Amino acid sequence: MTVKQNYHSIDVSQILTTAQKEKDEGRRCIQICCTTTDDGIDVMYSYRDFNGFSGVENFVVHGLSKGDEIPSIQEFFPSQFPFENEAHDLFGINVTNMKLDFEGNFYKLGEDAPMTVISTEQLKRKERAKKIAAAMKAKQQKQNAQQSPVAKKETSSPTQQSPGTNNKSSSEKKGE
Amino acid sequence: MGKRSVIPFGPQHPVLPEPVHLDLAVEDEKVVKAIPQIGFIHRGLEKLTETHDYQNYVYVAERICGICSFGHSLGYCETIEQMMDVDVPMRAQKIRVMLHEISRIQSHLLWLGLTADAFGFESLFMHVWRLRENVLDIFEMTTGGRVILSINKVGGLVRDISDDVLSQVESKLVSLKDEYQQIEKTFLSNSSVKSRTVGVGVISHDQAENLGMVGPFARASHVNNDVRCLGIGGYRLLSDFVPILDTTGDCYGRIRVRCKEVVQSIDIALEMIRSLSSGSVSVDVKGPIPDGAQAVNLLEQPRGECFYYSLGNGTQYLERMRMRTPSSENLAGMVAALQGCDLADVNMIILTIDPCISCTER
Amino acid sequence: MFFTIIGICIGSVLFALLGYLIGGFVEGCDRRISARMQGRVGPKIRQPFWDISKLFKKEKASTNPSENTYITCALVLLVISGGVFFAGSNLLLSIILSTLSTLFFIMAAYSSRSPFSTAGGAREILQVLSYEPMEYFMAIIFYIVIGSFNVITVSLQPQPLIVYGWPVFIGMLFIQLVKLRKSPFDLSTSHAAHQELLQGTLTEMSGPALAKAKLMHWYETVLMLGWTAMFFLDARPESWIVAVVAAIVAWFLDIWIDNNFARVKWQSMISWCWGITLCTSIVNFIFVSLL
């Protein structure tokens, strides 16, 4: 059985209201995850219920960048302090109003926000994959396009002979 | 009025299985405040998705932690299989559940030995770890490795386990159960153990829910969050699963929950062995992960609920792999339990949470 | 008086030498038997001697140089205490000297100013508080029954001290666990660094200082076995064999209890020790006064 999961996009301003709503409905926040994508940093909040299981609700905030601020949900869910501090240390997202704030010393790292650094190999791979995907899509479209004009010709003039036979008949005529 | 001193606890401490640092503000042998500090073992494993493709990443995932090694490789493989819509054969799923439950036995036995040692009961520590050697022998017989098993791959198992090895495993588990139950009885009924653990580090049911605690730590406070009840992955094949709960919420309750879970895990492993049918143990999984494919997975590890999330980007390499381990969720609960306890109880309380800091920090 | 002092000097020197050999042998047997109880093989019997010689060869590295002075004073006082006892001299003097030696040990623990050894030193004070009263009551009962504080007079008695002093003997067996720092009463120092205060008082000691602290433990063990044996001696020569056997049985009981009980907190330790001290002493006083 696969885990039932739903993904919703929300805005930075909706983080606290979503947390309040989920808490009122008896769910708890089970983790906060940041991802570096092409369009910026995504922050995902996952919620799950206490009793029974109706699925994991994931709320994603898209398009943040290093240095942006998001509010802390530690007043509702104190157990999230490691993940909010991690978001700050590894991704450079400033989380405001944290109850337990390590002020950048949660992980002692060699450089700031290392998870936002995308290596050149990874970029090349993604470019190549995109090109391959685009090429395959174009090929698919071309195949679809080629198949439909051929079908049109066959339906409009079924008595038309093939060009080969026409040539032959003209050369035969010439040769005589 | 007592004098306040700050005792540094960890990261190098013989009683702790993992490096965590606590600054204990102590007044006359009573802990007034406990400030945790982790980050000594952060290896940036989540960033390694850039250099290891999704098939190879299993080897990184299982090295997050030595105790929960099989659990992480299982959770990772199940997440990728979900993302790519792979149907793992029934035999592989049953063997995976069997090995995961045996891994749970090994983790709880290790923990039990450390707890006994923490309050001066060295002989119990030695006996329990001697029993644990039998479990590690089972791993070596079936997979070739004692701690890092490397038997999971995306699509099933790397190799099958023959029937005569399985019958040897079955007899070893049965003899382990008898020996273990004798030790468990001695331990749980010992008066000095009770005097040190009953009423210590109490966390009520409401507090446990508010702090979002997971695993046996929360189940001792009667919070049922056992993911095995949800029937995810191979666990839907269990005939009857009842989570073990306790109502006391103190250290003794947590010890009792884990002790009973060992027996339950032995029973589940035996059930899986006896119900195995023949068949293949893997399917081939090839090709890149579709762009934008994502999946969430939950797994009940020995320490609690573990959350996995993966995101694909069209290449053979994952865009993001997230493993949220149970010990990270329990850190807030640990700080709450340490408030106002005696200095002599600090060991006990930290160990009953069963911290696995390697998992927390990755 | 002069002969007493000569006797004490000879006794101290002999105790220093023989106590070292017997103490090391007893410690080796202790570790081997504990290991067998735990299902392990255990080290060779000669292992403690190798450990001590290794520690003496190590570099002198301590957080505070005065720690070495305190530990040396503690060791010397303990040797004199043993010398006083085994020379047959004043029992009360032997008890007081052994307590003084422990006080120097506590000062050594405090001198390093680390939180672990300071807290260990505080716990060691509590341990002294727990066992001291029993030792004095033992000396008092000794005086009441025998009529003198001199240990040598025991060998002139027609019957052993245990006949009239059995309640105090039971109390002595109990506090021996505290004095020898065996589980359940190994609060201040455990023999392995497995408690919340690491190794308590011994945390900051290394090299020669640690070697001297370990030697102190050996001498204390021999002294305790001597006090146990004293209860069974009388004028008959075969009582010596009974005394040695009784000491061995008491020592074996200590090892068994060490392996099978968890550590207690200081509040329980004091309440248990004082409770047993009061009960056994009162019972013994009543017993002796009725006879």
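The values are calculated or read from the model by the stated rules, or taken from the named source; none is laboratory data. Computed from a prediction, not measured in an experiment: that's the story for all the values here. Ideal geometry is used to build each Cβ from the backbone, glycine not excepted, and the neighbour counts take in all protein chains shown. Surface areas here come from the heavy atoms of the whole protein model, side chains and all, with no ligands, DNA or RNA. Shrake-Rupley method; radii C 1.70, N 1.55, O 1.52, S 1.80 Å.
Name the single residue that is most open to solvent (accessible area, probe 1.4 Å) among those in region C:97-116 being β-branched (Val, Ile, Thr) and within 13 Å of the chain's Cα centre (by Cα).
C:99
Kindly indicate the residue of region A:111-126 that is more than 10 Å from every other protein chain (Cβ to nearest Cβ) and closer than 21 Å to residue B:41 by Cα and also most open to solvent (accessible area, probe 1.4 Å) among those meeting that condition.
A:112
Can you tell me which residue among B:115, B:142 is part of a helix (DSSP H, G or I), more than 15 Å from the chain's Cα centre (by Cα) and more than 13 Å from chain C (Cβ to nearest Cβ)?
None of the other options fit; the residue is B:142.
Among the candidates B:80, B:41, which residue alone is at pLDDT 85 or above and among the β-branched types (Val, Ile, Thr)?
B:80
Any idea how many residues of region A:42-52 are open to solvent by 10 Å² or more (accessible area, probe 1.4 Å) and either closer than 17 Å to residue A:81 by Cα or in contact (Cβ under 8 Å) with a residue 12 or more places away in the chain (or both)?
Residues in region A:42-52 being open to solvent by 10 Å² or more (accessible area, probe 1.4 Å) and either closer than 17 Å to residue A:81 by Cα or in contact (Cβ under 8 Å) with a residue 12 or more places away in the chain (or both): 4 in total.
Going by the structure shown, is residue A:129 open to solvent by less than 30 Å² (accessible area, probe 1.4 Å) and touching a residue at least 40 places away in the same chain (Cβ under 8 Å)?
The answer is no for residue A:129.
Please determine, by comparing only the residues of region B:233-267 that are of a type in the set (Val, Ile, Thr) and open to solvent by 10 Å² or more (accessible area, probe 1.4 Å), which one is farthest from the other protein chains (Cβ to nearest Cβ).
B:263
Keeping to region C:246-265, report how many residues are part of a helix (DSSP H, G or I), within 11 Å of chain B (Cβ to nearest Cβ) and open to solvent by less than 80 Å² (accessible area, probe 1.4 Å).
Number satisfying all stated conditions: 5.
I'd like the residue in region B:183-193 that is in contact with a helix residue (DSSP H, G or I) (Cβ under 9 Å, 6 or more places away or on another chain) and surrounded by fewer than 16 Cβ atoms within 10 Å (Cβ to Cβ) and, out of all such residues, is farthest from residue C:265 (Cα to Cα).
The extreme case among them is B:186.
Being more than 10 Å from chain B (Cβ to nearest Cβ) and under 21 Å from residue A:4 (Cα atoms): is that true of residue A:60 here?
Spelling it out, it is not the case that residue A:60 is more than 10 Å from chain B (Cβ to nearest Cβ) and under 21 Å from residue A:4 (Cα atoms).
Is it the case that some residue within region C:71-79 is under 18 Å from residue C:17 (Cβ atoms), among the polar types (S, T, N, Q), out of contact with any Leu (no Cβ under 6 Å at 6 or more places or on another chain) and open to solvent by less than 60 Å² (accessible area, probe 1.4 Å)?
The answer is yes, given that some residue of region C:71-79 is under 18 Å from residue C:17 (Cβ atoms), among the polar types (S, T, N, Q), out of contact with any Leu (no Cβ under 6 Å at 6 or more places or on another chain) and open to solvent by less than 60 Å² (accessible area, probe 1.4 Å).
Within region B:294-313, track down each residue that is within 7 Å of chain A (Cβ to nearest Cβ), open to solvent by 10 Å² or more (accessible area, probe 1.4 Å) and of a type in the set (S, T, N, Q).
Answer for region B:294-313, where residues must be within 7 Å of chain A (Cβ to nearest Cβ), open to solvent by 10 Å² or more (accessible area, probe 1.4 Å) and of a type in the set (S, T, N, Q): just B:313.
Could you list, in sequence order, the residues of region C:48-68 that are exposed (fewer than 15 other Cβ atoms within 10 Å of the Cβ) and of a type in the set (Val, Ile, Thr)?
Matches in region C:48-68: C:63 only.
Would a scan of region B:89-110 turn up a residue that is more than 20 Å from residue B:132 (Cα to Cα), among the charged types (D, E, K, R) and out of contact with any helix residue (DSSP H, G or I) (no Cβ under 7 Å at 6 or more places or on another chain)?
Looking through region B:89-110, at least one residue is more than 20 Å from residue B:132 (Cα to Cα), among the charged types (D, E, K, R) and out of contact with any helix residue (DSSP H, G or I) (no Cβ under 7 Å at 6 or more places or on another chain).
Within region B:209-227, track down each residue that is out of contact with any Cys (no Cβ under 9 Å at 6 or more places or on another chain), more than 8 Å from every other protein chain (Cβ to nearest Cβ) and buried (at least 24 other Cβ atoms within 10 Å of the Cβ).
Those that are out of contact with any Cys (no Cβ under 9 Å at 6 or more places or on another chain), more than 8 Å from every other protein chain (Cβ to nearest Cβ) and buried (at least 24 other Cβ atoms within 10 Å of the Cβ): B:215, B:216, B:217, B:218, B:219, B:221.
Please specify each residue of region A:53-77 satisfying the condition of being over 21 Å from the mean Cα position of the chain (by Cα) and either open to solvent by 50 Å² or more (accessible area, probe 1.4 Å) or under 30 Å from residue B:242 (Cβ atoms) (or both).
A:53, A:54, A:69, A:75, A:77
Would you be able to tell me the number of residues in region B:150-178 that are under 19 Å from the mean Cα position of the chain (by Cα) and either open to solvent by 10 Å² or more (accessible area, probe 1.4 Å) or within 14 Å of chain C (Cβ to nearest Cβ) (or both)?
Here the count works out to 1.
List the strands (runs of 3 or more DSSP E) that sit entirely inside region A:32-127 and contain at least 3 residues that are closer than 22 Å to residue B:331 by Cβ.
Result: A:40-49, A:94-96.
Residues of region B:179-199 being more than 23 Å from the chain's Cα centre (by Cα) and of a type outside the set (D, E, K, R), which ones?
Matches in region B:179-199: B:182, B:186, B:189, B:190, B:191, B:192, B:193, B:195, B:198, B:199.
Based on what the data block shows, is residue C:282 within 14 Å of chain B (Cβ to nearest Cβ) and out of contact with any Gly (no Cβ under 7 Å at 6 or more places or on another chain)?
no
Condition check: touching a residue at least 40 places away in the same chain (Cβ under 8 Å) and farther than 27 Å from residue B:171 by Cα. Does residue B:255 satisfy that?
Considered against the rule, which asks whether it is touching a residue at least 40 places away in the same chain (Cβ under 8 Å) and farther than 27 Å from residue B:171 by Cα, residue B:255 comes out as no.
Of the conditions (1) open to solvent by 20 Å² or more (accessible area, probe 1.4 Å); (2) in contact (Cβ under 8 Å) with a residue 12 or more places away in the chain; (3) of a type in the set (D, E, K, R), residue B:85 satisfies every one except a single condition; which number is it?
Answer for residue B:85: the failing condition is (2).
Check whether at least one residue in region B:36-50 is crowded, with 17+ Cβ neighbours inside 10 Å, within 26 Å of residue B:279 (Cα to Cα) and more than 11 Å from every other protein chain (Cβ to nearest Cβ), and report yes or no.
Taking every residue of region B:36-50 in turn, none turns out to be crowded, with 17+ Cβ neighbours inside 10 Å, within 26 Å of residue B:279 (Cα to Cα) and more than 11 Å from every other protein chain (Cβ to nearest Cβ).
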